[in-house]
């Protein structure tokens, strides 16, 4: 399954480094193909705390490919940028309508709201955007990770590892997650 599992991670200036790099790294450790795609091209992007990341591709060049998951890191500026990108919003609406996985963390659940898919789902987000989302969702929750109707949301940078591991499990199963956890020293190696 992992050879055909492809994940799109859209990035723009101001994305949250920990969330983006964690999901990219953990999903690649699981053997999935992960493409970090720059909203404004494949040039280096400065994240919210000054780290510069070079995307794998321009979003426009890969947006219409087949994806197993679209995962949206947060960061207030990144969230604002992604929320105004109609082709990405269209992809999110299409995936949601087809029951295909979408994930967002931190402020990025606001992108899901901009896509118009939050009315019938439960989700979580960073507390700073709670008021922007609470009236636009079926139920706002404060769990570390919420998975409802194939939409997986999480709270923020401090929950990025749990979010990424949940996505590994969703795409590759419990055994794949446990294998990645062992490699990350989050789970003990079996003793002979």
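What is the distance, in nm, between label points placed 7 Å from the Cα along the Cα-to-Cβ direction at residue 192 and at residue 54?
4.1 nm
Could you tell me the center-to-center distance, by alpha carbons, between segment 12-84 and segment 152-192 in angstrom?
For segment 12-84 versus segment 152-192, the Cα centre distance is 20 Å.
Using 0.36 nm per residue, how much length does the chain from residue 4 to residue 86 gain when fully extended, once their Cα-Cα distance is taken away?
Values: separation 82, 0.36 × 82 = 29.52 nm, distance 2.67 nm.
Gain on extension, residue 4 to residue 86, equals 26.8 nm.
Any idea what the alpha-carbon Rg over 2.2 N^0.38 Å comes to for segment 2-180?
Details: Rg = 14.4 Å, N = 179, 2.2 N^0.38 = 15.8 Å.
The value comes to 0.91.
What length, rounded to one decimal in nm, is gained on full extension from residue 141 through to residue 46, with 0.36 nm per residue of separation minus their alpha-carbon distance? Mind showing how you got there, number by number?
On the way: separation 95, 0.36 × 95 = 34.20 nm, distance 3.08 nm.
Using 0.36 nm per residue and subtracting the Cα-Cα distance, I get 31.1 nm.
Can you give the Kirkwood hydrodynamic radius for segment 128-192, in Å, rounded to one decimal and based on Cα pairs? Numbers along the way, then the final one.
Details: mean 1/r = 0.0740 Å⁻¹.
Taking the inverse mean of 1/r over all distinct Cα pairs, segment 128-192 comes out at 13.5 Å.
Springs between alpha-carbon pairs under 10 angstrom, Gaussian network model over the chain: which of 113, 170, 138 fluctuates most?
Ranking 113, 170, 138 by mean-square fluctuation puts 138 first.
Output the antiparallel fraction of DSSP beta bridges having both residues in segment 2-180, as a percent to the nearest 5.
Antiparallel: roughly 25 percent of the beta bridges in segment 2-180.
Rounded to the nearest 0.05, what FRET efficiency do residue 175 and residue 134 give with R0 = 35 Å and r taken as the Cβ-Cβ distance? Could you check?
Working: r = 37 Å, r/R0 = 1.05.
Computed FRET efficiency for residue 175 and residue 134: 0.45.
Rule-based calculations on the coordinates, nothing more; no lab input. Keep in mind the model is a prediction, meaning the values are calculated, not measured. All Cβ positions, even for glycine, are placed from backbone atoms using ideal geometry, and neighbour counts span all protein chains on display.
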